[in-house]
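Encoded as structure tokens, the structure appears first; notes follow it.
The values are calculated or read from the model by the stated rules, or taken from the named source; none is laboratory data. The structure presented is a predicted model; accordingly, all values stated were derived computationally and were not measured. Reconstructed Cβ throughout: ideal geometry from the backbone, glycine too, with neighbour counts over all protein chains shown.
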């Protein structure tokens, strides 16, 4: 059985994610919609992207700033819901693994 990688292992090995995450710091209050577009661009096609990209973005969007309501925007909620639906779809098809 393959070892499940930790979130730290997944995110630290993804240089594209590291660069994107860094660019988002301190910008959510003024540029939430644009930031969500950047996250969507990172994911690419929701139905064919790697599972790791979905879990990275979902994990990011449930971080404390979002969870406690400091960072809010309808586009954030919409993206979070779409990712959740896609993860459920993949699980039903047996295509979900981390």
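Can you tell me how many residues within segment 4-22 are at pLDDT below 90 and touching a helix residue (DSSP H, G or I) at 6+ places or on another chain (Cβ under 7 Å)?
So the count comes out to 2.
If we scan segment 24-38, do we find a residue that is within 28 Å of residue 4 (Cβ to Cβ), surrounded by 14 or more Cβ atoms within 10 Å (Cβ to Cβ) and modelled with pLDDT under 95?
No, segment 24-38 contains no residue that is within 28 Å of residue 4 (Cβ to Cβ), surrounded by 14 or more Cβ atoms within 10 Å (Cβ to Cβ) and modelled with pLDDT under 95.
Residues are listed down the side, and each one gets a yes or a no for (1) in contact (Cβ under 8 Å) with a residue 24 or more places away in the chain; (2) surrounded by fewer than 17 Cβ atoms within 10 Å (Cβ to Cβ):
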site	(1), (2)
59	yes, yes
65	yes, yes
68	no, yes
79	yes, no
91	no, yes
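For segment 72-98, give me each residue that is in a loop (DSSP other than H, G, I, E, B) and either modelled with pLDDT under 95 or farther than 13 Å from residue 28 by Cβ (or both).
72, 94, 95, 96, 97, 98
Within segment 4-39, which residues are without any contact (Cβ under 8 Å) to a residue 12 or more places away in the chain, closer than 18 Å to residue 54 by Cα and not in a helix (DSSP H, G or I)?
Scanning segment 4-39 gives 6, 13.
The conditions are (1) modelled with pLDDT of 95 or more; (2) part of a helix (DSSP H, G or I), and residue 45 fails exactly one of them. Which is it?
Residue 45 satisfies every listed condition except (2).
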